[in-house]
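The values are calculated or read from the model by the stated rules, or taken from the named source; none is laboratory data. Note that this is a predicted model, so its numbers are computed, not measured. All Cβ positions, even for glycine, are placed from backbone atoms using ideal geometry, and neighbour counts span all protein chains on display. Each accessible area value is taken on the protein alone, full model and side chains, heavy atoms only, with ligands, DNA and RNA left out. Shrake-Rupley method; radii C 1.70, N 1.55, O 1.52, S 1.80 Å.
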Amino acid sequence: MTGPADGPREAQPGGAAAAALGTASLMVEARELTRTFGHGSTAVHAVRGASFTVRRGQLVALIGRSGSGKTTLLNMVGGLDTPTSGVVLVGGRDVSAMPARDRTLLRRSTISFIFQSFGLIPMLTAAENVGIPLRIASTPRAERDERVRLLLSVVGLDQHANQRPGELSGGQQQRVAIARALAVQPELLIADEPTGQLDSETGRQIMRLLRTVVAADGITALVATHDPALLDMADTVLALNDGQLVPS
């Protein structure tokens, strides 16, 4: 894996290059993904013919201005939305063809999400928020508590386990969200503008944390961002413009 010191590299489209790498090394493979909302003259073409691959263990930055289609593309990769046409594979599994129940199970076991709005439950403590996916997975309490303690330590919040989101800064809340996303040891981490509500220095801290997690645990991360200052931490950059992938 190429480290952040090497700087971003342009993503290679699917096809012969992806075949040469071997499908076993791919975490994500998108083939001519298209997503259209509406019909006729009022149709909105949010994503248009996007093809790309993401290798296992990479941190990939997805860049583009607001409205360029980043969230729509992430939602299709993560199974929150289905493409109008095209195929998306995650770990070799065709997410675009899965019934809703199978996509839900995939999100519980293989894919985790981090959102710009943090998505924490206000009345729960940091530890309780991190433990939610483990409760859903019926993880035994002792194992769950140990995993929560470990994750809060990893994100530097072990001293804040009993505080509620309203008692934490924005950066701390995002760290809780990252710990929660890592709770079930996902293979793919999808982050939609995770630094969008943070100041520039806190945003860099969050990206450095994601960079560390990817390197330490071998997780693959696909991170949407509009901040060009964060791109030096990515292995690969995908750039969207009006729903189409363009040279970065």
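Within segment 30-51, residues that are touching a residue at least 40 places away in the same chain (Cβ under 8 Å) sit with their Cβ atoms under 7 Å from residues that are among the aromatic types (Phe, Trp, Tyr), at 6+ positions apart or across chains, in these pairs: 30/52; 46/37. Residues that are open to solvent by less than 10 Å² (accessible area, probe 1.4 Å) and either farther than 15 Å from residue 191 by Cα or assigned to a strand (DSSP E or B) (or both) within segment 224-235 comprise 224, 225, 235, listed in sequence order.
Residue 71 - would you say it is open to solvent by 50 Å² or more (accessible area, probe 1.4 Å), over 13 Å from the mean Cα position of the chain (by Cα) and within 26 Å of residue 244 (Cβ to Cβ)? Answer is no for this residue. Among the residues of segment 143-155, those identified as open to solvent by less than 80 Å² (accessible area, probe 1.4 Å) and either free of Cβ contacts under 8 Å to residues at least 40 places away in the same chain or touching a strand residue (DSSP E or B) at 6+ places or on another chain (Cβ under 9 Å) (or both) are 144, 145, 147, 148, 151, 152, 153. For segment 99-140, taking the residues that are of a type in the set (Ser, Thr, Tyr) and over 14 Å from residue 186 (Cα atoms), the one that is modelled with the lowest pLDDT is identified as 117.
Identification of helices (runs of 4 or more DSSP H) wholly contained in segment 75-156 with 2 or more residues that are under 30 Å from residue 31 (Cβ atoms) yields 100-109.
Yes or no, residue by residue, for (1) on the phi > 0 side of the Ramachandran plot; (2) touching a strand residue (DSSP E or B) at 6+ places or on another chain (Cβ under 6 Å); (3) of a type in the set (Asp, Glu); (4) touching a residue at least 40 places away in the same chain (Cβ under 8 Å):
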site	(1), (2), (3), (4)
84	no, yes, no, yes
89	no, yes, no, yes
102	no, no, yes, no
107	no, no, no, no
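Screening residue 52 with (1) under 26 Å from residue 226 (Cα atoms); (2) not in a strand (DSSP E or B) gives one miss only, at (2).
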